[in-house]
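Each reported figure results from applying straightforward, stated rules to the coordinates on display, with no laboratory input. What you are looking at is a predicted structure, and each value in this text was computed from that prediction instead of being measured. Ideal geometry is used to build each Cβ from the backbone, glycine not excepted, and the neighbour counts take in all protein chains shown.
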Amino acid sequence: MQQLPAHSVYLVQESKETADAVAYAFLSNTGEPVQYPYKYPNIADDDVRIRILFTGLCHSDCLHSRGLWDPYIKYPSCPGHEVVGEVEKVGTGVTKFKVGDKVGCNPQRWMCQTCELCKKGDNQLCSQNIGLYDDNNFGGYSTHIQVAERMVFRIPDGFNDALGSPLLCAGVTVYAPLKRYYKPNYTCAVIGIGGLGHLAVQYAAKLGMTVTAFTTSKNREQEIKKLGASNLSSSIDVESLKAEQGKYDIVINTLYIENEEVFKSHQRLTAPTGTYIQVGAPPSKVNFKLDHAYIILNQIRVAGSLIGNYDETQEMLEFSAQNNVYPIVETFEFEEFPKAFDRMEKAQAKFRCVVNVGKWAQANGLWK
Amino acid sequence: MATKEHSLYKLVTKEQAEAFAWSFEGPNTEALLYPFVFPPIQPHEVRIQQTYFGLCYTDCHLVNQDWFPINYPSVPGHEILGHVVMKGDQVTQFQIGDLVGAGFIRDSCGNCKLCIQGNDQLCGQKGDEHFIPLPKFGGFATHVQFPAKWAFPIPNTIPQHLAPPLLCAGITVFAPLKRYFNPNKEVAIIGIGGLGHLAIKFSAAMGMRTSAISTSPDKEQEAKSYGAIDFIVSKNPEQMAKALGRFDIILSCAHASTVEEFIDQTKLLKNGGDFIMVGIPALTKVELQLPFYSLVCRQISFVGSLVGSRQENYEMIEFANKHKIYPTCEEYEFENFKTAYDKLLNGRPKYRCVVKVGNAPQTLKQ
């Protein structure tokens, strides 16, 4: 077995026999993630240690692990921020959860609860926000994760664990802004029917809006209509986009398109007094060009949105369970983590990759 | 004197004229005196004899085709104030002699979703009849004729020589401030000019903590006299650094001249804040753009606002009257319109040019 590098926080182990957990960690910005057994140094008073059942893979994981966001990223690095699991252990001060509770984690690890933004309820914008994974903290590509109770979510009864982990990032990312800006009977345009978009179509339809899916794939009409879209239209054909100008009360864009004319046409789908929501972002330092003339003359809002706050995330979980909104997933075994990551990195997944962590963890004695 | 005739307004001799306009026969040309008669007044219209009218840079953009091609001759102008001298049969809300004002919007249908929801300034059903300054004759004239629906009664407690800019500049900043108003919000007004100086007054009078952001350090006292609690010089990196993430609302009343300047402005917005845009620069001007990362991960919004609905106009007039909010104006005689227009186009008026019509309708006949 190769000699694994030490981590600043977690205590690397020679094998899983002595470990609290086994992660799949990147050792550099290239190559595959490898198994990384480790012990937790401690469990803080307010920490919840979770046995992960299923982990979703998100493209953010690539951007992080390959050093595309932060070229100075420290390795070993363990990403993953779409977690569904059950409580294994709690710190002495934990009151919200008990051992055995079904819980989830979203991309946020910490909120201060004292700053103005937290008090307003927008903890995802908290000045002290920490991501679920970073240089110091391992994320969901692991058999376990340990997070402060304030950022742990209750998984509602009847939730489909095997399908639901991607909701903790992809789901809330589209649910939160749709819910924030929608009205029933609104017309809604969803641009880009991929990981985010196929969930946005479902949520928008279940919220009572009439949904048009904007996509490049005309041959997926039946499948996309089954998700709740009433119509399909082209996301890149300028003439076709012009014909749809001003028709949609809400536009949610999961894409970034380099062609300026096409991208402005996306903004112009927005109806007067409507809202355009941007959730897709390119990895590099690219600028969003505001179509200011259209924005002013039609009095529209162009809004960015980042995952969701605590309440929005919790609400999304309940809404999803009640309305049967789940992603279409490809499921992999724990030891197929590298394969799952590769499929996601190459954007081949339809639509989200999920790893069945719990099965391997239990079979390999990691549930202590 | 004008030579190009408009299809609706018969060009006549001075002696025969019902009214006099200042018309433009091409982009980047001088205004020419245009004596004319109106088409027959329609049942829903009023004809106003103006006392004073205002000039707005939008009029320059229109005349010079900065946004789209227009037909000539063009008589823009959309800060209108005067007395009703004629009205159509269906007009019941006004009497001859009433003092009224009008702004950028000429007409709305009243039946579409936007009208019914109270956003009648956005009504798209009226085609060529939507806006006052074109293609029909607008406010650069002794008289204006337009639907009574978009005429607003003006209380006689508002000084007439200061009132016209309220009908465009005033409503342009009042409407979004009111729409996004919250007593706990920190507001920043960027640009202390025609729009900005009124915005500071309105925002402060609404009770919001209002700061002014300007390139000119010497406007500080003035900004504070309008009610600003703080003054930030945008060219001062230290002051800008201190103000990072400070404001819930930024109302931009001045165009950033570079992308970097625009990005620096957006950095003053709190996460989750609203950046309100009201002024449309020439389409060739630098684009307003910012890193995707900032838009998405800071969850900020850019919201547009276009003048205001009729309801918002009534409220603005009442609010301005109650709080004595008036613009700072430079006054010109009707005969010197070209000087006023040139000052607006090429100079830096402080802060709005207003033309006194006075008895020009009589004196020009001679």
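As a test of the formula, what do you get for chain A when each DSSP H run with n ≥ 4 contributes -39,500 (n - 2.57) and the sum is divided by the residue count, at 222 nm and rounded to the nearest 500 deg cm²/dmol?
After summing the helix terms and dividing by residue count, I get -7000 deg cm²/dmol.
How large is the convex hull of the Cα atoms of the stretch B:107-204 per residue, expressed in Å³ as a whole number?
Values: hull volume 14.2 nm³, N = 98.
Once divided by residue count, the hull of the stretch B:107-204 is 145 Å³.
Neighbouring Cβ atoms within 10 Å as the yardstick, rank B:T215, A:T273, B:T58, B:T13 fewest first.
Least to most surrounded, the residues fall as B:T13, B:T215, A:T273, B:T58.
List the aspartates and glutamates whose alpha-carbon lies under 15 Å from that of A:K289, not counting same-chain residues fewer than 8 positions away?
Answer for A:K289, where 15 Å is the Cα cut-off: A:E258, A:E260, A:E261, B:E260, B:E261, B:E287, listed by chain and number.
What whole-number value in cubic angstrom gives the convex hull volume per residue for the C-alpha atoms of chain A?
Expressed per residue, the convex hull around the Cα atoms of chain A is 136 Å³.
Return the lysines within reach of A:K206: Cα separation strictly under 26 angstrom, same-chain partners fewer than 8 residues apart disregarded; answer none if there are no such residues.
Within the straight-line limit of under 26 Å, A:K206 reaches these lysines: A:K102, A:K179, A:K183, A:K218, A:K225, A:K226, A:K247, A:K350, B:K113.
Run down the lysines and flag those whose C-alpha is under 23 Å from the C-alpha of B:K343, throwing out any fewer than 8 positions away in its chain.
The reachable lysines, counting only those whose Cα sits under 23 Å from B:K343, are B:K219, B:K285, B:K356.
Rounded if a/c is under 1.5, else prolate if a/b beats b/c, else oblate: with a ≥ b ≥ c from the C-alpha gyration tensor eigenvalues square-rooted, which is the stretch B:1-145? Spell out each step's value before the answer.
On the way: a/c = 1.82, a/b = 1.18, b/c = 1.55.
Judged from the Cα gyration tensor, the stretch B:1-145 comes out oblate (a/c at least 1.5, b/c at or above a/b).
For chain B, list log₁₀ I(q)/I(0) at each q in 0.07, 0.10, 0.14 Å⁻¹, using the Debye formula over Cα point scatterers of equal strength and ignoring solvent, two decimals each.
-0.30, -0.62, -1.17
Over its Cα atoms, what ratio of radius of gyration to 2.2 N^0.38 Å does the protein assembly as shown give?
Output field value: 1.13.
Could you give the size of the charge dipole of the stretch B:1-77 about its Cα centre, using +1 on the Cβ of each K and R and -1 on the Cβ of each D and E, expressed in debye and rounded to the nearest 20?
For this selection, approximately 140 debye.
So what's the projected area for the stretch A:174-304, the Cα convex hull averaged over all directions, in nm²?
Spelled out: convex hull of the Cα atoms, projected over all directions, averaged, 7.2 nm².
Would you mind calculating the relative contact order of chain B from Cα pairs under 8 angstrom and at least 6 residues apart, reporting the percent as a whole number?
Computed over chain B, the figure is 18 percent.
With bins 5 Å wide starting at 0, give me the P(r) of the stretch A:303-368 over every alpha carbon pair, in whole percents.
Final binned percentages: 3, 15, 14, 15, 18, 22, 11, 2, 1, 0.
For chain A, what's the relative contact order in percent, using C-alpha pairs closer than 8 Å and at least 6 residues apart?
Working: 857 pairs, mean separation 66.1, N = 368.
Once divided by the residue count of chain A, the mean separation gives 18 percent.
Quick one: net charge around A:N185, please, counting Lys, Arg +1 and Asp, Glu -1 for every other residue with C-beta under 13 Å from its C-beta.
+1
With contacts defined as alpha carbon pairs under 8 Å and 6 or more residues apart, what's the relative contact order of the stretch A:174-304 in percent? The partial results should precede the final answer.
Values: 258 pairs, mean separation 28.9, N = 131.
Across the stretch A:174-304, relative contact order equals 22 percent.
Of the options A:G197, A:Y182, A:S217, report the single residue whose Cα projects farthest towards the positive end of the charge dipole of the stretch A:174-304 (beta-carbon charges: Lys, Arg +1; Asp, Glu -1).
Value: A:Y182.
Where does the charge balance sit around A:V286 when Lys and Arg score +1, Asp and Glu -1, over other residues with C-beta under 14 Å from its C-beta? Mind dumping the intermediate values first?
Working: positive: A:K285, A:K289; negative: A:E258, A:E260, B:E287.
Net of charged neighbours comes to -1.
Can you bin every Cα-Cα distance in the stretch A:166-250 into 5 Å intervals starting at zero and give me the percent of pairs per bin, rounded to whole numbers?
Values per bin, smallest distances first: 3, 17, 28, 25, 19, 8, 1, 0.
Given the DSSP H assignment, sum -39500 (n - 2.57) over each helix run of at least 4 residues in chain B and divide by its residue total; what's the result at 222 nm in deg cm²/dmol, nearest 500?
Working: 11 runs with 88 residues, N = 366.
That comes out to -6500 deg cm²/dmol.
Which parts of the stretch B:193-216 would a label at B:K350 reach, counting a residue when its backbone N lies under 17 Å from a point 7 Å out along Cα-to-Cβ?
Answer for this model: B:193-198, B:214-216.
Could you tell me whether the stretch A:1-116 comes out rounded, prolate or oblate from its Cα gyration tensor? Rule is a ≥ b ≥ c as square roots of the eigenvalues, rounded for a/c under 1.5, then prolate if a/b exceeds b/c, otherwise oblate.
Oblate, because a/c is 1.5 or more while a/b does not exceed b/c.
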